[in-house]
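This report concerns only the one structure given below.
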Amino acid sequence: MKIHQSAEDYLETILILRERKGLVRSIDVAGELGFSKASVSVAMKKLRESGYVLMDEDGLLSLTESGQKVASRIYARHRLLTEFFVQLGVDEKVAAADACRIEHDISEETFTKLLEHARRNTSGE
């Protein structure tokens, strides 16, 4: 199933917030992304219906196995691309913003080759 960029961003944000704060609510996602609570509520409903997110009776969000898989893949891409761009001399904020745009569109083949390149060049130092 093809997942849209916006859904990937929401899942990645839930993962990041969970790592940072432990517990995640829709209001946390809204604050992190700068979206309205209403917009995030609609998105969370769609992600729950698609089987990517669970919400308990207290409003706490968690990722399902498939949601975790998508979020982890996108976040790994984001971290590697940001680090790669910073090593090239790009300002960290610009690198992170560019990585956020590229992480969704880069092919698996190109990402795998970039990862191999990064591992070769960091393990030799």
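The values are calculated or read from the model by the stated rules, or taken from the named source; none is laboratory data. These numbers come from a predicted model, not from an experiment. Cβ placement follows ideal geometry from the backbone for every residue including glycine, while neighbour counts extend to all protein chains displayed.
Scanning the range 14-24 for residues that are of a type in the set (A, V, I, L, M) and in contact with a Ser or Thr (Cβ under 9 Å, 6 or more places away or on another chain), which turns out surrounded by the fewest Cβ atoms within 10 Å (Cβ to Cβ)?
If we take residues in the range 14-24 being of a type in the set (A, V, I, L, M) and in contact with a Ser or Thr (Cβ under 9 Å, 6 or more places away or on another chain), then L15 is surrounded by the fewest Cβ atoms within 10 Å (Cβ to Cβ).
I'm trying to understand the selection: among the residues of the range 59-100, which are acidic (D, E) and not assigned by TED's automatic domain parsing to the domain that holds E19?
Across the range 59-100, the qualifying residues are E83, D91, E92, D98.
Go through (1) within 20 Å of A7 (Cβ to Cβ); (2) over 15 Å from the mean Cα position of the chain (by Cα); (3) in a helix (DSSP H, G or I) for A71 and report which single condition fails.
(2)
Out of the range 25-46, which residues are surrounded by 15 or more Cβ atoms within 10 Å (Cβ to Cβ) and not in a helix (DSSP H, G or I)?
R25, F35
List every residue pair whose Cβ atoms sit under 8 Å apart, with the two residues 6 or more apart in sequence or on different chains, where the first one lies in the range 111-122 and is more than 16 Å from R73 (Cα to Cα) and the second, anywhere, is of a type in the set (D, E).
A118/E83
When the range 47-82 is examined, which residues are found to be under 30 Å from T112 (Cα atoms) and surrounded by fewer than 15 Cβ atoms within 10 Å (Cβ to Cβ)?
If the condition is that a residue be under 30 Å from T112 (Cα atoms) and surrounded by fewer than 15 Cβ atoms within 10 Å (Cβ to Cβ), then S50, G51, S62, E65, K69, S72, A76, R79 are the ones that fit.
Which is of a type in the set (S, T, N, Q) and in contact with a Phe, Trp or Tyr (Cβ under 8 Å, 6 or more places away or on another chain), of T82, T110, T64?
After applying the criteria, what remains is T64.
Being touching a residue at least 12 places away in the same chain (Cβ under 8 Å), of a type in the set (S, T, Y) and farther than 17 Å from A71 by Cα is true for just one of S41, S26. Which residue is that?
Result of the check over S41, S26: S41.
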